[in-house]
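Bear in mind that the values in this text are calculations on the coordinates, not laboratory data. Worth saying up front: this structure is predicted, and the values here are computed from it rather than measured. Because the Cβ atoms are built from the backbone with ideal geometry, glycine has one as well, and the counts that use them run over all protein chains shown.
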Amino acid sequence: MKMCKAAARSLAVAGVFCAAALAVAALALPNLFPFLDSSGFVSTYSSTGSFSENGPFFQSLGTNGRTCSTCHVISNAMGLSAAHAEAVYEATKGRDPLFAAVDGAVCPIAAPGQALNFSLLRHNGLIRIGLTLPSTLQFTITAVHDPYGCALETDPSTGEQTVSVYRRPLPATNLGFLSAVMWDGRETVSPLNSASTFAANLLTDLSHQALDATEDHAQATTPPTTAQLNQIVSFELGLNSAQEIDFQAGLLNAEGANGGAQFLSTVPFYPGINDSLGPPSQFSPNVFTIYSNWMHSGDAYRRSVARGEQIFNTMPLTITNVRGLNDALGQAVINGTCTTCHDTPAVGDHSLAVPLEIGTSRAVNYETDPTIQAAVSQLSMPDLPVFQIVCNAGPDTGEVTYTSDPGKALLTGLCTDVGRGKGLILRGLAARAPYFHNGAAATLDEVVDFYNVRFQMNLTPQQEQDLINFLKTL
């Protein structure tokens, strides 16, 4: 094992230099090219046979120098880690297009006498999303904590209010498993809820998302052509990314395991597959079985990974006060497992669009639910604006919520949607810290600590470590 670890470290150094050389030469990366991350190596598999940095995904189609790959980095499993953002900032002194003021800064315009502030992007991997409130609202919204001065702004000519929220860029890979496009679903212009329409609707949604991203994040004055959008979407849909090598477990497809990106590319999917909220006979809690063959491995760490997978599938959770679940089902308490909400086999998002609010945006100093308060206290929450949401219509009339992100409610104006967002795909995690939509968990240890408290899992220290070890291998 010591020799394996030494080889892994050597490969890490070689991988960094090879990646740099290939980038400079603008050559296509071979399939499954390894990139160093916090736990080992992540890789991406392309259905075209290699990862080619040609095409509009890698071209500046706007006015600020950004490309799609500015925020969707292959070494970060096509996402964006805070460590990468900070490294780019230091290397370029903040001049890289990643730090365009439009959303890279906490506010697009600095206060008089002050420089633009990029702290949330640098330290938490967050970009600013400005969303205009719908004309009809079931609630009033007030910024009770506004650390940057642009949490809630009113257009003096139209009276429209814009809310600034701060979110992580989602990975541009493994998109064939999506049930909604964007965390709040705002780019799901055609529903992804039927096997017969899934492929066509996904193309429509991803094309719409690419158009909006080019016009908003890249500040394009001329929209990309249909041909360019089609090439971007085709490139993205050909990608699958996952952890390939773990420093301690070694190759993640060894001993009959099915880790890694190539196996992931063969996993079937259709909307509603293994839906945990559908007929019980059609749901299996054993969502992840990629390391089941390691349960009796001669390697102790591999056995730990297999135990963590089993914990994810079977450890009982007490699910309470989850908006979109407890209220939707009319059950104050639901006995479930991690796979109640993460039901897509081998992937871990929900196979249908079921946006939920588990409390990761709640403001701990204002929270009245002691379980949520204790869970959020486990996190390294960034200094984000806090909004008071007072519901004055609908079934939640009179309810008051304090949150850093009202979620789907910013699109619908409904109290029942406050804080709700989709569950994310759980592959390539080790390459793209921090976690949750708002970067509230700095590490996977914090993710597990949050869930352990939030849903009363009562994990032993060994069980916590087993679960963390499993998540690192995804």
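A few notes on this one:
- Proximity of backbone amide H atoms, modeled 1.01 Å from N, is registered between ASN392 and PHE139, THR140, GLY398 at under 5 Å, excluding neighbours fewer than 5 places apart on the same chain.
- Each distinct pair of alpha carbons in the range 143-209 adds a 1/r term; the inverse of their mean, the Kirkwood radius, is 14.5 Å.
- Sorted into 5 angstrom bins from 0, the C-alpha pair distances of the range 110-240 split as 2, 8, 14, 18, 18, 15, 12, 8, 4, 1, 0, 0 percent.
- Shape index of the range 318-474: Rg/Rh, with Rg the Cα radius of gyration and Rh the Kirkwood radius from the inverse mean 1/r over Cα pairs, equals 0.95.
- Spatial extent of the chain: Rg and Dmax, with the Cα atoms as the point set, Å: 21.7, 70
- Cβ-Cβ FRET estimate between THR136 and ASP216, R0 fixed at 22 Å, reported to 0.05: 0.40
- For the chain, the relative contact order comes to 19 percent (Cα pairs under 8 Å, sequence separation of at least 6).
- Considering the range 55-131, its Cα convex hull presents a mean projected area of 5.7 nm².
- Cα gyration tensor shape of the range 200-317, rounded if a/c is under 1.5, else prolate or oblate by comparing a/b with b/c: prolate
- Segment SER194-ASN253, length gained on full extension (0.36 nm per residue, minus Cα span): 18.0 nm
- Taking other Cβ atoms within 10 Å as a rough exposure proxy, CYS107, CYS341 sort from fewest to most as CYS107, CYS341.
- Based on the convex hull around the alpha carbon atoms, the range 279-405 presents an average projected area of 10.2 nm².
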